[in-house]
Amino acid sequence: MNDKKILFNCKPDDDSKVIFEEVCRQIGLYYKDKENFKSLKRKLRWQNDVVQLEFGFWSSHSNMRGDWVNFEIVPSIYALDNSGMEKNGLVYTLRKPINFNVCHIESELFYKIIEAIENEIKFAQKICTKEGFSDFLEENKNRNFIAKENNNLIFMEKLSKQVD
């Protein structure tokens, strides 16, 4: 990977779709040989024995050539044992999308994107234990629906049955 200019094939005045696709491609290349990762065209998946974390990559129709190309990372966590759960085992964590302007991307911004992905992985690893998920629920106790959401209740029950 070229550290001086990550998107060595793109210029800021290129079509926003070209820049967006190149950022997706570079992220895929970065994680290509890393364990527990699978790169798809506009997605990245990471998983351990308990959850799968899926990063959807999105852009915007309001991009402005030469000025703004939105790169949005939407993290979603799914229980691998999703029996009895709705929506493919989606665990409701209220993780917010993360946005970057990648119009003039260079290595520093690229590694900020990687850092954001890595922080989401750390969060997913944290909630993979009964204690970690309990802490998450406690931190969000004033959002009652999180603790009462059916998939989260089932997920907590499954974590409670894990052997430590």
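The values are calculated or read from the model by the stated rules, or taken from the named source; none is laboratory data. The structure displayed is predicted, hence computed values, not measured ones. Cβ atoms come from the backbone with ideal geometry, glycine included; neighbour counts cover every protein chain shown. Ligands, DNA and RNA are excluded from the accessible area calculation, which covers all protein heavy atoms including side chains. Shrake-Rupley method; radii C 1.70, N 1.55, O 1.52, S 1.80 Å.
Between beta-carbons, use under 15 Å as the cut-off and find the net charge around A147, counting Lys and Arg +1, Asp and Glu -1.
Summing Lys and Arg as +1 and Asp and Glu as -1 gives -1.
Trypsin sites (Lys or Arg not before Pro) within segment 41-141: which are DSSP loop residues with at most 10 other Cβ atoms inside 10 Å?
Counting only loop positions with at most 10 other Cβ atoms within 10 Å, the trypsin sites (Lys or Arg not before Pro) in segment 41-141 are K41, K141.
Can you send over the carbon and sulfur percentage of the accessible area for the chain, probe radius 1.4 Å, protein chains only?
48 percent
In the chain, which whole DSSP H runs stretch at least 27 Å along their own axis (Cα) and average -1.0 or higher on the Kyte-Doolittle scale?
Once both thresholds are applied, what remains is 107-126.
Find out how many positive minus negative residues lie around Y78, taking Lys and Arg as positive, Asp and Glu as negative, among other residues whose Cβ is under 15 Å from that of Y78.
0
If you put +1 on each Lys and Arg Cβ and -1 on each Asp and Glu Cβ, how big is the dipole of segment 1-134 around its Cα centre, in Debye rounded to 20?
160 debye
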